[in-house]
1. Can we say Ser7 is assigned to a helix (DSSP H, G or I), modelled with pLDDT of 95 or more and either among the polar types (S, T, N, Q) or open to solvent by 10 Å² or more (accessible area, probe 1.4 Å) (or both)?
2. Go through the range 32-71 and give me each residue that's of a type outside the set (D, E, K, R), within 13 Å of Ala123 (Cα to Cα) and part of a helix (DSSP H, G or I).
3. What residue, of Ser150, Ser159, Ser141, is within 21 Å of the chain's Cα centre (by Cα) and among the hydroxyl-bearing types (Ser, Thr, Tyr)?
4. Quick one: in the range 179-214, of everything that is under 24 Å from Asp247 (Cα atoms) and among the hydroxyl-bearing types (Ser, Thr, Tyr), which residue is surrounded by the most Cβ atoms within 10 Å (Cβ to Cβ)?
5. Identify, from the list Asn133, Asn128, Asn142, the residue that is more than 20 Å from Ala59 (Cβ to Cβ) and either assigned to a helix (DSSP H, G or I) or touching a Ser or Thr at 6+ places or on another chain (Cβ under 7 Å) (or both).
6. Go through the range 192-296 and tell me which helices (runs of 4 or more DSSP H), entirely inside it, have 2 or more residues that are farther than 30 Å from Glu148 by Cβ and over 18 Å from the mean Cα position of the chain (by Cα).
7. Among what's in the range 264-288 and is open to solvent by 60 Å² or more (accessible area, probe 1.4 Å) and among the basic types (Lys, Arg), pick the residue that is farthest from Leu354 (Cα to Cα).
8. Give the residue that is surrounded by the most Cβ atoms within 10 Å (Cβ to Cβ), with candidates limited to residues of the range 81-125 that are in a loop (DSSP other than H, G, I, E, B) and among the β-branched types (Val, Ile, Thr).
Amino acid sequence: MALSQISVTVGILALLFLSAFADDVVVLTEENFEEEVGQDRGALVEFYAPWCGHCKKLAPEYEKLGASFKKAKTVLIGKVDCDEHKSVCSKYGVTGYPTIQWFPKGSLEPKKYEGPRTAESLAEFLNNEGGTNLKIATIPSNVVVLTEDSFAEVVLDKSKDVLVEFYAPWCGHCKSLAPIYEKVATAFKMEEDVVIANLDADKYKDLAEKYGVSGYPTLKFFPKSNKAGEEYDGDQDLDDFVTFINDKCGTSRDGKGQLTSKAGIITSFDALVKEFISTGSDEKKALFSKLEEEVEKLKGSTARYGKIYLKAAKSFMEKGSGYPKNEIERLQRLLDKSIAPAKIDEFTLKKNILSTFA
């Protein structure tokens with residue numbers, strides 16, 4: 001089975017590792033609490049502490065709830081960091097974490113939620129209290145779920161850089177990591193050469209032992225050049241994972257999966273481009289030929305970037321020095337619209353490379 005097929009199939013099955021977006025759960029503070037709660041819609045609010053183990057366990061379920069009710073106009077799903085906003089939590093009688101309270105429409109008198117802390121149970125409560133009729137969305141995962149049969153095909157593929165989480169279903173730290181790991185997978189889903197995967201090491205003990213796994217979660221990176229695997233010993237938060245993958249894989253993504261301003265830039269071309277834009281037309285032709293020679297030497301993703309450099313240089317010669325600025329502005333107008341992720345990547349790469357000619 002091809003990697004793309006594996007990703008789609010296991011993604012549908014791995015519903016616990018859903019995509020989590022910050023906008024799905026409204027972050028409430030001392031400043032905005034009464035602007036959002038007690039207004040023209042009911043509000044379910046989680047009062048939590050960042051260090052609280054039960055809160056971390058609830059996080060993926062609550063994010064799943066937020067994703068499912070995101071478009072509900074009569075219900076708000078919110079959360080308050082009680083370490084940071086103590087006065088709000090104290091005002092509503094919060095003494096333990098997590099505390100979940102329901103605020104009816106137009107009221108700041110809450111009703112405490114006492115039911116099971118699962119997305120399904122919370123949704124049932126909301127439907128009863130808020131008059132909605134919504135179900136928990138089954139959102140496909142971007143994490144590739146490995147098995148004993150697929151491990152070699154995916155992880156040992158020398159054309160892929162693969163990060164693998166070895167986990168156990170009963171492991172509390174693994175459950176806390178799950179929503180973060182999903183965000184990592186989502187951030188790099190557009191990178192064909194990068195795979196974010198996991199393996200149930202409790203189910204496939206022999207495979208886990210083969211790679212020296214003795215505790216959970218264990219994260220190992222399998223770059224194209226070293227399929228023996230390298231231990232990941234960095235912090236387990238989104239920014240650190242993103243930095244690690246960008247450094248190791250030569251990618252340029254941020255935590256939301258957007259290309260950074262460095263994406264597509266070939267630093268070895270800087271001096272050549274600088275010379276190109278500052279010379280006369282005859283010299284430009286010679287430098288363009290030199291740029292063509294350098295692009296022919298490129299391989300992999302950089303070969304794609306090289307072609308964009310050539311197109312930019314050719315348009316510069318044909319349309320004049322004002323071309324880069326005008327084209328950057330046109331691309332930005334397109335980026336400001338709602339467009340497909342692939343187009344966002346394409347236009348961002350062009351914009352970044354054109355900036356070196358501006």
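1. Working: assigned to a helix (DSSP H, G or I): yes; modelled with pLDDT of 95 or more: no; either among the polar types (S, T, N, Q) or open to solvent by 10 Å² or more (accessible area, probe 1.4 Å) (or both): yes.
No.
2. Tyr62, Leu65, Gly66, Ala67, Ser68
3. Details: Ser150 fails: within 21 Å of the chain's Cα centre (by Cα); Ser159 fails: within 21 Å of the chain's Cα centre (by Cα).
After ruling out the rest, the residue left standing is Ser141.
4. Tyr181
5. Numbers: Asn133 fails: either assigned to a helix (DSSP H, G or I) or touching a Ser or Thr at 6+ places or on another chain (Cβ under 7 Å) (or both); Asn142 fails: more than 20 Å from Ala59 (Cβ to Cβ).
It is Asn128.
6. Working: elements: 205-210, 238-249, 270-278, 281-296.
Where helices (runs of 4 or more DSSP H) fall fully within the range 192-296 and carry at least 2 residues being farther than 30 Å from Glu148 by Cβ and over 18 Å from the mean Cα position of the chain (by Cα), they are 270-278, 281-296.
7. Restricting to residues being open to solvent by 60 Å² or more (accessible area, probe 1.4 Å) and among the basic types (Lys, Arg), the top hit is Lys285.
8. Filtering the range 81-125 for residues in a loop (DSSP other than H, G, I, E, B) gives 82-85, 92-98, 104-110, 113-118.
Checking which are among the β-branched types (Val, Ile, Thr) leaves us with 94-95, 118.
Details: Val94: 21, Thr95: 9, Thr118: 15.
Applying the filter and picking the extreme gives Val94.
The values are calculated or read from the model by the stated rules, or taken from the named source; none is laboratory data. Since we're looking at a predicted model, the values are computed, not measured. So basically every Cβ, Gly included, is an ideal-geometry build from the backbone, and we count neighbours across all protein chains shown. Surface accessibility is based on the protein's heavy atoms, side chains included, excluding ligands, DNA and RNA. Shrake-Rupley method; radii C 1.70, N 1.55, O 1.52, S 1.80 Å.
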